[in-house]
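The block underneath contains the structure these notes are about, expressed in structure tokens.
The values are calculated or read from the model by the stated rules, or taken from the named source; none is laboratory data. Keep in mind that this is a model prediction, so the values were computed, not measured. Here the Cβ positions follow ideal geometry from the backbone for every residue, glycine too, while neighbour counts run over all protein chains shown.
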Amino acid sequence: MTRPLVPPGHALEACVVVPVHDAEADLGPVLAALAEQQGVEADAYEVIVVLAGGDDAVRAEAIAAYDRHPTLRLILHEVPVASAAAARRAGLD
């Protein structure tokens with residue numbers, strides 16, 4: 001990421017986990033929708049994208065969305081196993 005991650009503040013109310021295990025995943029629109037939602041302050045939630053399998057294109061898409069939406073608190077977590085179950089499990093840990 002291009003900005004340092006600061007600890008969540010007292011306003012944090014929710015954590016959205018997005019498990020990704022498919023190189024064809026269309027992650028950009030998902031992150032844009034989360035970043036552009038109305039009626040929710042940016043510091044009230046964070047988004048954890050779990051990348052299972054280390055796909056460079058999906059990682060680049062997440063970083064580009066992060067750069068386009070500077071108020072989005074986005075965390076990328078990578079797991080080496082390319083499976084949906086591994087992505088979901090890691091997102092819950």
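Side notes on the structure shown:
- Wholly enclosed helices (runs of 4 or more DSSP H) of the chain bearing at least 1 residues surrounded by fewer than 13 Cβ atoms within 10 Å (Cβ to Cβ) and at pLDDT below 85: 56-68, 84-92
- Flag if residue 73 is closer than 20 Å to residue 14 by Cβ, in contact (Cβ under 8 Å) with a residue 60 or more places away in the chain and touching a Phe, Trp or Tyr at 6+ places or on another chain (Cβ under 8 Å): yes
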